[in-house]
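Scroll down for the structure; my scribbles are underneath it.
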Amino acid sequence: ADKGVVEWKYAACGYCSTGCSIEVGLNAEGKPVTSRGVADADVNRGKLCLKGIFEHELFTSAGRGTEPLMREQWHQDWQPATWDSALDKVHDEIVRIQAKYGRDSVAIISTGQMLTEEFYTLGKLTRGLIGTNNYDGNTTLCMASAVSGYKRSFGSDGPPGCYEDFEHTDCLFAWGSNLPEQHPIIYWRMKEAQEKRGFPLIVVDPRVTMLAQNAHIHLAITPGTDVVLMNAMMHVIFAEKLEDSSYIETNTNGIDMLRAEVAKYDPVTASKICGIDEDTIRVVARLYAKAGAAMAIWTMGINQSTHGSDGVVGINNLALITGNIGKPGGTSLSITGQCNAMGTREWSSCSGLPNYRALENPDHRAEIADFWGIDPEFFPKKRGMFQTDIYHAIESGQIKGLWLIATNPLSSLPNSARVRKAMESLEFCAVQDCYHDTESAQYAHVYLPAGTWAEKDGVMTNTERRISVVKPVTPPPGQAQPDLWIFNRMAERFNQSGKVNFPEKAADIFLEMGKLSVGRLADISGMNHELLEKQRGIQWPYTQEQVKNGEAPPKGGKRLYTVDGTFSYADGKAKLIPLPFIDNNEVPDEKFPIWLNTGRLIEHWHGRTKTGKIGNNNKYSPIPFIEINPDLAAELNIERGEYVRLVSRRSDAVVMAMPTQRVPKNMVFLPFHFHDCANRLTLGLLDPHSRQPAYKQSAVRIERIANQ
Ligand code: SF4
């Protein structure tokens, strides 16, 4: 076989949330040598993007941790340790710090990269035994606004639509989403459908992204003003009586207040704020409202803003007033980030308790406490800090201990100089990661080597609620262990009475989760690992009841809500929420006259912890650069390829200049992947609802570097 492959092993891709099915080819020595898309997979139909194609190289990439490490002070050299001594140290330090400063003085931050059974087990350990309320995921940095917006509009998180909606829609709005680079296989699905159906594609983005290049209409909006455009579109829809009154009447509350608010956003007034001319606002509002089925997707351009949650609610408002939730091709679909960001939303207990249960709800607390066998009073009565607030609490001395799991905040959080200072001040830090050389591991006292992606057993949920199985392709290197094994060993230390049950096998944990899901929105009680593997993924909800009655759709529920009132609020109706616009960004001024916009490249994944070590990803995109408008470059005498200094109120960074018409004259675009670069500059004002940072709206100036 090709490259000496003697066996192919199945997994779902471990990078983005598209959820592609992948097979890794092993040679006669059992070494992973190649990857390919699974031909009959519902999501990717045999295709993979650049990241997926080289995913097998992860197993042997540089910097993999192969043994536990310990040291007394973070600036000393690492010493090899046994698993027992490393785990004992983490346990003892958590107990010591909690005894001295209180339960919440320890924070635990995880990720969207682990498998769902691992999230569930970590949640049980954290909520049920350790008891700190300061437990969150790095997912606050990418999709917290989508979660918050869905909850506010529909009463619960959970994306309503699916990729198949591209094949039924008559109009597609993409808000702050650059599919060809961020989610290439979803882009391919969208493009295929568009070629067949010819629906108009309207892209809202201040940059001429690859998706904007393919749009029928590109709305180059002023950064951070999407809510104004949404309000103006609703103004036009109501003024021209294009709303779906019957859907509004049956399925929503709040129409009068929404009408009153959007009345203030006539296209002339809105145009002055959002930078889109009034006629174009009218045209796109009509296109959207008159389409038989209209679909909206969005990514970080909406989420990573001080108006992130409001932006999501605005997209939902537009869908609800035009009857575009619950029908094929009519939806508001958050394209989420990490491969299992959805799994952490559903099961991690970061923001509450398993399967979208709330800490604020006494019935939910009692139900989970009873199921786990603990005292309900042990649970806090409201959620604790978000990740973005935890670092401020470390800075102020409120939090003294930190356990980081598969995340690298020094690279990913805004204003990194501030994060670095906070981490230096910790009394204790443990880092659990498949790489020992992350920037954040520099500040750790204990390093726990974990398996990566397909070195483990479990499931992941993709953007369209499709759960897929990942089975180990190869074991973790050296003494490294799957995260689930690490959590279970830690649980033994906190659970000496044995009162809480921690199953060892992922398939058994999945069945436990299934029991907890009966009757819930994300009901997975009809699934098990075997079935998921056989079906190559199933979308939730997929219930025991449906299976018993022979009514289960073979691949699960395509859409979450129907067209006749099934939302999660008590009366089954969605909420229409008025969104007054408050201009609260850092905006360019005389001293810092240029917008700094950050985002992703097709070759790289997040902080390049993985892709920075994979030759074929790294060689296409090895160094940080800015896109700069040629007119601005000429004005500043900057040549193509010249290194320049970007300066913000926080710090500075040196980058290469690449003149291009992709950005307007008052903006530069900087990919965020490169360590110690973009996040030296970003301010990271937070969305008030989701606490997600506004990575895309900071102000900078550009300085030439002398004597290059
Ligand atoms: Fe993996 Fe996403 Fe690429 Fe698919 S599109 S192969 S899930 S990185």
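What follows is calculated from the coordinates using simple rules that are stated; it is not laboratory data. Computed from a predicted model, the values in this text were never measured in an experiment. Cβ sites come from the backbone with ideal geometry, for glycine too, and all protein chains shown count toward neighbours.
Side notes on the structure shown:
- Hull shadow area, averaged, the range 2-60 [alpha-carbon convex hull, nm²]: 3.8
- Extension gain for D370-V587 works out to 73.1 nm (0.36 nm per residue, less the C-alpha to C-alpha distance).
- Taking amide H as placed 1.01 Å from N in the peptide plane, G599 has its amide H under 5 Å from the amide H of L670, F672, each at least 5 places away in sequence or on another chain.
- Local net charge near K100, Cβ-Cβ under 10 Å (Lys/Arg +1, Asp/Glu -1): +1
- Helix-only CD estimate at 222 nm, as mean residue ellipticity for the chain, using -39500 (n - 2.57) per DSSP H run (n ≥ 4): -9000 deg cm²/dmol
- Applied to the range 55-70, the Karplus parametrisation 6.51 cos²θ - 1.76 cosθ + 1.60 on θ = phi - 60° returns per-residue 3J(HN,Hα) values of 5, 4, 5, 4, 4, 10, 6, 5, x, 5, x, 10, 8, x, 10, 9 Hz, with x for Gly and Pro.
- Taking the Cα atoms of the chain, the ratio Rg/Rh between the radius of gyration and the Kirkwood radius comes to 0.95.
- Debye equation applied to the C-alpha atoms of the range 421-510, log10 I(q)/I(0) at 0.17, 0.20 Å⁻¹: -0.91, -1.06
- Within the chain, C16, C49, C142, C162, C171, C274, C339, C350, C429, C434, C677 have no other Cys Cβ under 4.7 Å of their Cβ and so lack a disulfide-compatible partner by this rule.
- The Kirkwood hydrodynamic radius of the range 594-704, based on inverse pair distances between different Cα atoms, is 14.4 Å.
- When the range 160-334 is reduced to its Cα atoms, the Kirkwood hydrodynamic radius in Å: 15.8
- Pairs spanning more than 28 Å between alpha-carbon atoms, out of K47/K456; K471/K610; K555/K696: K555/K696.
- Among 198-204, 73-79, sorting by the average number of other beta carbon atoms lying within 10 angstrom of each residue, highest first, gives 198-204, 73-79.
- Here is the list for the range 609-708: chymotrypsin sites (Phe, Trp or Tyr not before Pro) lying in DSSP coil, each with at most 13 other C-beta atoms within 10 angstrom of its C-beta, are Y620.
- Residues T331, T132 in ascending order of nearby Cβ atoms (within 10 Å, fewest first): T132, T331.
- When you filter the trypsin sites (Lys or Arg not before Pro) in the range 240-310 for DSSP loop state and at most 12 other Cβ atoms inside 10 Å of their Cβ, you are left with K241.
- Residues whose placed amide H lies under 5 Å from that of D687, excluding near-sequence neighbours: Q692, A694
- Semi-axes of the equivalent ellipsoid for the range 73-217, Cα gyration tensor, largest first, Å: 45, 18, 14
- Long-range HN-HN contacts of F625 with modeled amide H, under 5 Å: M656
- Exposure proxy order (Cβ contacts within 10 Å, fewest to most) of R197, R650: R197, R650
- Loop trypsin sites (Lys or Arg not before Pro), the range 559-606 (other Cβ atoms within 10 Å of the site Cβ: 15 or fewer; DSSP): K591
- 3J(HN,Hα) along the range 658-673, derived from phi through the Karplus expression 6.51 cos²θ - 1.76 cosθ + 1.60 where θ = phi - 60°, amounts to 10, x, 7, 6, 4, 10, x, 5, 9, 9, 10, 10, 10, x, 8, 5 Hz, with x in place of Gly and Pro.
- Neighbour-count order for S497, S348, S245, S177, fewest beta carbons within 10 angstrom listed first: S497, S245, S177, S348
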